[in-house]
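Encoded as structure tokens, the structure appears first; notes follow it.
The values are calculated or read from the model by the stated rules, or taken from the named source; none is laboratory data. Just so it is clear, the structure is predicted and the values come from calculations on it, not from any experiment. We place every Cβ from the backbone using ideal geometry, glycine too, and count neighbours over all the protein chains shown. Note: areas computed on protein heavy atoms with side chains; ligands, DNA, RNA excluded. Shrake-Rupley method; radii C 1.70, N 1.55, O 1.52, S 1.80 Å.
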Amino acid sequence: QVQLVESGGGSVQRGGSLTLSCAYSGNTDSQYIMGWFRQTPGKEREVVASISTSGRGAYYADSVKGRFTISKDNAKNTLLLQMNSLKPEDTAMYYCAAGCRLSCYTPQTYNYWGQGTQVTVSS
């Protein structure tokens, strides 16, 4: 079992930066691949980035490549998402997730979720 709590959301202007944090606890053997997803009203939750248990392998959605960086610190039980050059289209509720084993690109493949943290980017 894994518990996830996001923080770090807020409001920034276009081009600004923000770092999201996800504190995780519980049985770390159940984490498998972890990831960040985002969702706006009326749209499906979509993957932003994912990272392997070791932290050595990462995946990024095309829309955030070159701007976002996912990382994790197993010693501190923390998953991070560094967001740079933010755009209004990045505005969404961001969720951290854990427990995916294979094809970790959709919400259905993850077993554990945080409550979400809001990110708003103004023009």
If each K or R counts +1 and each D or E counts -1, the residues other than G15 whose Cβ falls under 14 Å of its Cβ total +1
Once D29, D73 are ranked on solvent-accessible area with the largest value leading and a 1.4 Å probe, the list reads D29, D73
Diffing segment 10-24: the Karplus 3J(HN,Hα) column from phi (6.51, -1.76, 1.60, θ = phi - 60°), in whole Hz with x for Gly and Pro, holds x, 10, 9, 8, 3, x, x, 10, 7, 10, 9, 10, 10, 8, 10
Other residues with Cβ under 14 Å from the Cβ of T53 give, with Lys and Arg +1 and Asp and Glu -1, a net charge of +1
Given unit charges at Cβ for Lys, Arg (+) and Asp, Glu (-), the dipole magnitude of the chain about its Cα centre in debye, nearest 20, is 180
Mean accessible area per residue over segment 26-123 (1.4 angstrom probe, all protein chains present, square angstrom) is 52
Rg/Rh over Cα atoms for the chain, Kirkwood Rh, comes to 0.94
The Rg/Rh figure for segment 15-81, Cα atoms and Kirkwood Rh, to two decimals is 0.98
A 1.4 Å probe over the protein heavy atoms gives segment 18-83 a carbon and sulfur accessible-area percentage of 47
Other residues with Cβ under 14 Å from the Cβ of K43 give, with Lys and Arg +1 and Asp and Glu -1, a net charge of -2
